[in-house]
Amino acid sequence: MTLFEKIVAREIPADILHEDDLCIAFRDIAPQAPVHVLVVPKRPLPRVAEARPGDEPLLGHLLLTASRLAAGLGIAESGFRVVINNGRDGGESVPHLHVHVLGGRPLEWPPG
Ligand code: AMP
(Lines give C-alpha, C1' and ligand atoms only; values in the text may rest on other atoms or scores of the structure.)
Protein backbone atom coordinates (compact mmCIF):
# COMPACT_ATOMS: atom_id res chain seq x y z
CA MET A 1 0.00 0.00 0.00
CA THR A 2 1.32 3.45 -0.81
CA LEU A 3 1.38 6.21 1.79
CA PHE A 4 -1.54 7.90 0.06
CA GLU A 5 -3.56 4.67 -0.14
CA LYS A 6 -3.18 4.54 3.64
CA ILE A 7 -4.68 8.03 3.86
CA VAL A 8 -7.58 6.91 1.64
CA ALA A 9 -8.06 3.92 3.99
CA ARG A 10 -7.90 6.24 7.05
CA GLU A 11 -4.90 4.29 8.34
CA ILE A 12 -2.89 7.53 8.44
CA PRO A 13 -4.58 10.78 9.51
CA ALA A 14 -4.83 13.70 7.12
CA ASP A 15 -6.71 16.99 6.89
CA ILE A 16 -9.11 15.83 4.17
CA LEU A 17 -10.87 18.59 2.23
CA HIS A 18 -12.60 16.55 -0.47
CA GLU A 19 -13.37 12.96 -1.39
CA ASP A 20 -15.31 11.39 -4.22
CA ASP A 21 -15.36 8.09 -6.13
CA LEU A 22 -12.11 8.80 -7.96
CA CYS A 23 -9.95 10.97 -5.74
CA ILE A 24 -9.21 12.41 -2.34
CA ALA A 25 -7.74 15.82 -1.48
CA PHE A 26 -5.93 16.74 1.73
CA ARG A 27 -3.55 19.38 3.02
CA ASP A 28 0.15 18.73 2.46
CA ILE A 29 1.90 17.85 5.71
CA ALA A 30 4.80 20.21 4.88
CA PRO A 31 3.06 23.16 3.20
CA GLN A 32 5.15 25.25 0.82
CA ALA A 33 2.56 28.04 0.65
CA PRO A 34 -0.38 29.23 2.77
CA VAL A 35 -2.57 26.89 0.70
CA HIS A 36 -0.95 23.58 -0.25
CA VAL A 37 -3.31 20.75 -1.06
CA LEU A 38 -2.69 17.39 -2.73
CA VAL A 39 -5.29 15.88 -5.07
CA VAL A 40 -4.72 12.14 -5.25
CA PRO A 41 -6.42 9.43 -7.28
CA LYS A 42 -7.71 6.61 -5.10
CA ARG A 43 -6.24 4.15 -7.59
CA PRO A 44 -2.46 4.11 -7.04
CA LEU A 45 -1.27 5.17 -10.48
CA PRO A 46 2.44 5.75 -9.67
CA ARG A 47 3.05 8.87 -11.74
CA VAL A 48 1.73 10.73 -14.76
CA ALA A 49 4.33 9.06 -17.00
CA GLU A 50 2.56 5.75 -16.37
CA ALA A 51 -0.84 7.11 -17.36
CA ARG A 52 -2.51 5.47 -20.35
CA PRO A 53 -5.22 6.68 -22.74
CA GLY A 54 -7.85 5.04 -20.52
CA ASP A 55 -6.75 7.33 -17.69
CA GLU A 56 -7.86 10.48 -19.54
CA PRO A 57 -11.10 10.89 -17.55
CA LEU A 58 -9.24 10.42 -14.28
CA LEU A 59 -6.55 12.95 -15.21
CA GLY A 60 -9.18 15.46 -16.25
CA HIS A 61 -11.07 14.88 -13.02
CA LEU A 62 -7.94 15.55 -10.94
CA LEU A 63 -7.40 18.90 -12.66
CA LEU A 64 -11.02 19.96 -12.38
CA THR A 65 -11.00 18.97 -8.71
CA ALA A 66 -7.80 20.98 -8.19
CA SER A 67 -9.44 24.01 -9.77
CA ARG A 68 -12.63 23.66 -7.72
CA LEU A 69 -10.62 23.30 -4.52
CA ALA A 70 -8.63 26.43 -5.36
CA ALA A 71 -11.90 28.32 -5.78
CA GLY A 72 -13.27 26.92 -2.54
CA LEU A 73 -10.12 27.87 -0.67
CA GLY A 74 -10.29 31.43 -1.96
CA ILE A 75 -7.20 31.49 -4.18
CA ALA A 76 -8.80 31.31 -7.62
CA GLU A 77 -8.81 35.07 -8.06
CA SER A 78 -5.34 35.77 -6.64
CA GLY A 79 -3.93 32.83 -8.59
CA PHE A 80 -2.48 29.45 -7.84
CA ARG A 81 -0.16 26.83 -9.24
CA VAL A 82 -0.87 23.21 -10.11
CA VAL A 83 2.21 20.97 -10.02
CA ILE A 84 2.85 17.31 -10.79
CA ASN A 85 6.36 16.13 -9.94
CA ASN A 86 7.39 13.13 -12.02
CA GLY A 87 10.43 10.96 -11.37
CA ARG A 88 13.79 11.72 -9.77
CA ASP A 89 14.64 14.96 -11.52
CA GLY A 90 11.03 16.09 -11.23
CA GLY A 91 11.24 15.92 -7.45
CA GLU A 92 8.77 13.08 -6.97
CA SER A 93 9.03 11.62 -3.46
CA VAL A 94 5.80 9.60 -3.16
CA PRO A 95 5.21 7.08 -5.98
CA HIS A 96 1.45 7.61 -6.10
CA LEU A 97 0.26 10.30 -8.49
CA HIS A 98 -0.67 13.57 -6.79
CA VAL A 99 -1.49 17.04 -8.02
CA HIS A 100 -0.14 19.84 -5.82
CA VAL A 101 -2.32 22.97 -5.55
CA LEU A 102 -0.32 25.89 -4.18
CA GLY A 103 -1.39 29.45 -3.54
CA GLY A 104 -1.96 32.23 -1.08
CA ARG A 105 1.33 33.97 -1.88
CA PRO A 106 3.16 35.02 -5.05
CA LEU A 107 5.00 32.00 -6.44
CA GLU A 108 8.30 32.44 -8.23
CA TRP A 109 9.17 31.19 -11.68
CA PRO A 110 11.21 29.34 -12.80
CA PRO A 111 11.10 26.69 -10.07
CA GLY A 112 14.38 25.67 -8.46
P1 AMP B 1 6.23 14.96 -4.24
O2 AMP B 1 7.55 15.42 -3.69
O3 AMP B 1 5.77 15.70 -5.45
O4 AMP B 1 6.20 13.45 -4.43
O5 AMP B 1 5.16 15.32 -3.14
C6 AMP B 1 4.90 14.52 -2.04
C7 AMP B 1 4.24 15.43 -1.04
O8 AMP B 1 3.60 14.62 -0.07
C9 AMP B 1 5.20 16.35 -0.30
O10 AMP B 1 4.84 17.69 -0.53
C11 AMP B 1 5.03 15.94 1.16
O12 AMP B 1 5.12 17.02 2.05
C13 AMP B 1 3.66 15.31 1.15
N14 AMP B 1 3.39 14.35 2.19
C15 AMP B 1 4.19 13.34 2.60
N16 AMP B 1 3.62 12.64 3.59
C17 AMP B 1 2.40 13.22 3.80
C18 AMP B 1 1.32 12.96 4.70
N19 AMP B 1 1.35 11.94 5.57
N20 AMP B 1 0.23 13.76 4.65
C21 AMP B 1 0.19 14.79 3.77
N22 AMP B 1 1.17 15.08 2.90
C23 AMP B 1 2.26 14.31 2.91
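The values are calculated or read from the model by the stated rules, or taken from the named source; none is laboratory data. This is a predicted model, so every value here is computed, not measured. Note that each Cβ is placed from the backbone with ideal geometry, even for glycine, and that neighbours are counted across all protein chains shown. These accessible areas exclude ligands, DNA and RNA; they are computed on the full protein's heavy atoms, side chains included. Shrake-Rupley method; radii C 1.70, N 1.55, O 1.52, S 1.80 Å.
Points to keep in mind about this one:
- The chain, relative contact order in percent, only Cα pairs under 8 angstrom and at least six apart counted: 30
- Nitroxide proxy distance, nm - points 7 Å out along Cα→Cβ at Thr2 and Arg81: 2.2
- Gap separating the Cα centres of the stretch 1-74 and the stretch 86-110, nearest whole Å: 12
- Accessible area of Arg52 in the full protein assembly, 1.4 Å probe (Å², nearest 10): 140
- Degrees between helix 56-72 axis and first principal axis of the chain (Cα, 0 to 90, nearest 10): 40
- Shape metrics for the stretch 3-90, restricted to C-alpha atoms - Rg then Dmax, Å: 13.1, 35
- Lys, Arg +1 and Asp, Glu -1 on Cβ, resulting dipole of the chain about Cα centre, debye, nearest 20: 100
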